[in-house]
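First comes the structure, then the notes that go with it.
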Amino acid sequence: MERLFEEPPKSPASAADRHEGDGPLAARMRPRSLAEVIGQEHLLGSDSQPTALRRCIESGEPHSMILYGPPGSGKTTLARLVATTAKAAFEEASAVEVGRPQVRAMLERAAERRGINGGSTIFFLDEIHRFNKAQQDTLLPAVEEGLVTLIGATTENPFFEVNAALLSRAHIYELQPLDSADVRALLERAVARGECGEGRSVEADALDFLAAHSDGDARAGLSALEIACASAPIQEAVTLGLAEEALQRRPLRFDKDGDQHYDFISAWIKATRASDPDASLYYLAIMLEGGEDPRFIARRMVIFASEDIGNADPRALEIAVAAAQAVEHAGMPECQFALAQAAIYLSITPKSNAATTAIFAARAHVREHGAKLPPSSMRSSAYAGAKKLGRGQDYQSPHSSSGHISSDEVMPAGLEGVRFYAPDQAEERFATRLAEIRKARGKE
């Protein structure tokens, strides 16, 4: 193959139709107008309340953009709709297959177009996150000077994967997974158009199953419908059994090395902090099913036990540490039981961030005011000559005092009475004990 990019056809609409006709059902069902698009209302708005993206498509005046969203959410569809209305040549490629030489060739063609008749070029780059920094840098000058309008599509968070310079010159549009009602509407549309075979019917529960189990991926749902229709005997309806067989068990959408790694652990922390054991278990299950390192989960549990529970229930830290030890000694899959036990305990037990607030306050004070030396009586006397310097003199051990409480000042001079720790209502017994101690030490 001498050239990766074929010279684009004269009509942008032809580019949008390139994969239709006898292609897969998902390609044949790709919307050809905004009116046919289902879902992504937050990006497209409406005729009465148009968004920037809708205006871009309807006006035929495209701008560089990154379409970020899960598989089957409509990234390619939106890119083709932009190309359909824009008076521009449409170049398309996948970052998996191209390198800098092919991109340079495309840019040369774009420059030639502009030089001959002032024509503009839209470059649709699928899976832009697969381009490394050097490859992305090749595109940057062309985007800056407007030689090409870049439309990048990615399933990965662009703020992790795309150069900041390129991001600053493109609008970021985040697509959401379609809900099951949207996917079902697309499936019904395919059946109604006879795309599954003239006169072919599909049972309602089969459509329900495909819509509910496509994980918001329109392409997956349509592909499974196509397989189910092809598997059904002639003149017979597509049944639930055929739909289940066609869809099978799709891989879980979880990238343990990307932003979802952080999204789901964040969701687990917030659900557990909200004292919802079911949500905590749900996000834990997603991470385990997705292949997350259980040691990473266990570390977060140990941190959570002190950061969000603290002395409201000191045993929470023991439970979390025990779960971490179970991960090390038992490994997967057996350690899932210890992780589940810990998740439930951490969810249900009382919460307090008093310890977290206290250490933050103490460190902030030290950063602002510096580290003052402790009183001489508090300093080490365990070396020759220490007594000559007055180190450790007049120190009174609490163990020789009533109640094992000493009235000696242990804060540096000038910081007497400074408070960092404030027990909250979940640490009532600590509040009571602290009040007794301060009274006994004369520190009220």
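At a glance:
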| item | result |
| --- | --- |
| Verdict on F254 being among the hydrophobic types (A, V, I, L, M, F, W, C) and modelled with pLDDT under 90 | yes |
| Members of the range 47-71 found to be within 17 Å of the chain's Cα centre (by Cα) and crowded, with 21+ Cβ neighbours inside 10 Å, listed by number | I66, L67, Y68, G69 |
| Lone unmet requirement of (1) acidic (D, E); (2) modelled with pLDDT of 75 or more; (3) loosely packed, with under 12 Cβ neighbours inside 10 Å for E444 | (2) |
| Any hit, the range 29-38, residues being within 22 Å of A88 (Cβ to Cβ), among the basic types (K, R), in contact with a Leu (Cβ under 6 Å, 6 or more places away or on another chain) and in the same structural domain as V162 (by TED's automatic domain parsing) | no |
| F264 closer than 30 Å to A326 by Cβ, of a type in the set (F, W, Y) and in contact with a Gly (Cβ under 9 Å, 6 or more places away or on another chain) | yes |
| Restricting the range 332-372 to residues that are touching a residue at least 24 places away in the same chain (Cβ under 8 Å) and not in a helix (DSSP H, G or I), the residue that is nearest to E292 (Cα to Cα) | M332 |
| Meets criteria (surrounded by fewer than 17 Cβ atoms within 10 Å (Cβ to Cβ), on the phi < 0 side of the Ramachandran plot, of a type outside the set (A, V, I, L, M) and under 21 Å from the mean Cα position of the chain (by Cα)) for E289 | yes |
| Index of the failed condition, A35 passing every other in (1) within 21 Å of R219 (Cβ to Cβ); (2) touching a residue at least 24 places away in the same chain (Cβ under 8 Å); (3) over 29 Å from the mean Cα position of the chain (by Cα) | (2) |
| Answer from R80, R109, R113 - the residue that is in a helix (DSSP H, G or I) and within 30 Å of L178 (Cα to Cα) | R80 |
| Test: A142 is surrounded by 20 or more Cβ atoms within 10 Å (Cβ to Cβ) and either part of a loop (DSSP other than H, G, I, E, B) or in the same structural domain as T84 (by TED's automatic domain parsing) (or both) | yes |
| Test: residue in the range 339-361 that is in the same structural domain as A322 (by TED's automatic domain parsing) and over 16 Å from I309 (Cβ atoms) | yes |
| Residue, nearest to R54 (Cα to Cα), within the range 115-139, restricted to residues that are of a type in the set (D, E, K, R) and surrounded by 16 or more Cβ atoms within 10 Å (Cβ to Cβ) | D126 |
| Where a residue in the range 46-67 is within 23 Å of Q136 (Cα to Cα) and its partner, wherever it lies, is at pLDDT 90 or above and of a type in the set (D, E, K, R), with Cβ under 8 Å and at least six apart | S64/R169; L67/K75 |
| Checking D217 against (1) buried (at least 22 other Cβ atoms within 10 Å of the Cβ); (2) under 24 Å from A35 (Cα atoms); (3) at pLDDT 90 or above, the condition it does not meet | (1) |
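The rows are residues; the columns are (1) buried (at least 17 other Cβ atoms within 10 Å of the Cβ); (2) among the hydrophobic types (A, V, I, L, M, F, W, C).
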{"residue": "R300", "(1), (2)": "yes, no"}
{"residue": "I303", "(1), (2)": "no, yes"}
{"residue": "S306", "(1), (2)": "yes, no"}
{"residue": "L317", "(1), (2)": "yes, yes"}
{"residue": "A324", "(1), (2)": "yes, yes"}
{"residue": "Q336", "(1), (2)": "yes, no"}
{"residue": "I348", "(1), (2)": "no, yes"}
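The values are calculated or read from the model by the stated rules, or taken from the named source; none is laboratory data. The shown structure was predicted, so the numbers you read here are calculated from the model rather than taken from an experiment. All Cβ positions, glycine included, derive from the backbone under ideal geometry; neighbour counts span all protein chains shown.
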